[in-house]
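Below is one structure, written out as structure tokens; comments come after it.
Computed from the coordinates by the stated procedures, all read-outs in this text should not be read as laboratory data. As the structure is a prediction and not an experimental result, all values here were calculated from the model. With ideal geometry, Cβ positions are generated from the backbone for all residues, glycine too; neighbour counts draw on all protein chains shown.
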Amino acid sequence: MDHQSVEIRHEPGNIYFPQLLAKPYLIQFSNYRANVELEIDKGEYLIKTATRIDELDMVFRLRHAVFIEEMLGRKNVFGVDIDRFDKRCDHLMVIEKKTGKCVGTYRLISDVYSTEFYSATEFYLGNFLELKGVKLEIGRACIDPEYRRKNMMGLLWEGIYSYIGKIGVRYIFGCSSVMTHDRTAIAALYWYLQQNGHILDEFGVRPRKKYAIPTLKDDIEAVRILGDEYISNAAMEVLPRLLKDYFQFGAKVCGEPAFDKSFNCADFFTVLDLQNLNDHYKKERIG
């Protein structure tokens, strides 16, 4: 495959440091190895886990374009989105063959390879991690704006499903972001989910103090006065397609939402027990 956008080639033990000096953020990934190597040919596209440093660079640049530029209206110095979890996880990619572009990505962190998870920075996870079975945190999902009318999410789901088969995953979990800072909208959505059977409280998950919404209970009481129709409409206005997808697969939200000030959004801790997977919807989305 001809990667027209490739700038750095990475072979084990063979890092081109003059090139890395122009991109110093990549030096920390000089010894990066994928935990699980995955590659699925889908005609125009290739679904794979990143195995080279140039592929990681494409992932981080796509995340920056979506999360930092598009969502926050800002730019980082090097034009990449990187955090401390990126070195220990796998990065699922959808690559367009004819351009070599990374047009979709998901970050995958399994308890087979890590004891730390992004979700734990926002939530106390209660007894969730003590459950029997392999757990996989998915997050940082994003798609190039030019490709959102295509079935990129279906391709990403296919990659995730192949990945979970390779390591025998039982639970998929992560933070589902709702892009609003409106307290009324957050309360309406939480109450709507609770009334419609989407909330699960048995694991004892709750937001950490820094991320908790102290007015949530009062906000819920305020929106309940406005009636079910108002709550339903307000919830539907902010409920993202990705979270709808999770519910269709059979996922549940655990506990109250957290508020992430860095991204100005509400995060809902979401868990899918694959023993409760909606196979009909899986076939519909993955094909």
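Would you mind putting 198-205, 132-139 in packing order, based on average other-beta-carbon counts within 10 Å, highest first?
Listed from highest to lowest mean packing, they are 132-139, 198-205.
So how far apart, in nm, are the two label points at Asp273 and Met236 if each is 7 Å from Cα heading toward Cβ?
3.0 nm
At what distance in nm do the modelled label points of Phe67 and Asn196 sit from each other, each positioned 7 Å from its Cα along Cα→Cβ?
2.7 nm
Let me have the 222 nm mean residue ellipticity of the chain computed from DSSP H runs of 4+ only, each contributing -39500 (n - 2.57), with the sum over all residues rounded to the nearest 500.
-9000 deg cm²/dmol
Is segment 66-165 best put as rounded, prolate or oblate by its Cα gyration tensor, with a ≥ b ≥ c the root eigenvalues, rounded for a/c under 1.5, and otherwise prolate when a/b is larger than b/c, oblate when not? All intermediate terms of the calculation are to be shown ahead of the outcome.
Values: a/c = 2.23, a/b = 1.40, b/c = 1.59.
Verdict is oblate for segment 66-165.
Tell me, Ile225, Ile27, Ile231 in order of fewest to most beta-carbon neighbours within 10 Å? Walk me through the numbers on the way to the answer.
Working: Ile225 7, Ile27 12, Ile231 21.
By the 10 Å Cβ count, ascending, the order reads Ile225, Ile27, Ile231.
Would you list Ser162, Ser30 from fewest to most Cβ contacts within 10 Å?
Working: Ser162 17, Ser30 13.
Final ranking by Cβ density, sparse to dense: Ser30, Ser162.
Nearest 10 degrees, 0 to 90: what angle lies between the long axis of helix 228-238 and the longest principal axis of the chain (Cα atoms)?
For helix 228-238, the angle is close to 10 degrees.
In nanometres, what is the gap between the two model label sites at Tyr147 and Glu44, each 7 Å from Cα along Cα-to-Cβ?
Using points 7 Å along Cα→Cβ, the separation is 1.0 nm.
Only bridges with both residues in the chain count here: give the DSSP antiparallel percent, nearest 5.
85 percent
Using DSSP to define loop residues, name the GluC sites (Glu not before Pro) in segment 103-132 whose beta-carbon has at most 15 other beta-carbon atoms within 10 Å.
Glu116
If you rank Glu284, Glu256 by fewest surrounding Cβ atoms within 10 Å, what's the result?
Placing the least packed residue first, the sequence is Glu284, Glu256.
Over 19 Å between Cα atoms, which of Lys135/Lys252; Lys166/Lys282; Lys42/Lys244; Lys132/Lys283; Lys135/Lys283 qualify?
Check vs 19 Å cut-off fails for Lys42/Lys244; Lys132/Lys283; Lys135/Lys283.
Return a whole-number percent for the relative contact order of the chain, with Cα pairs under 8 Å and 6 or more residues apart as the contact set.
Result for the chain is 17 percent.
Average projected area of the Cα convex hull of the chain, in nm²?
About 15.4 nm², averaged over all directions.
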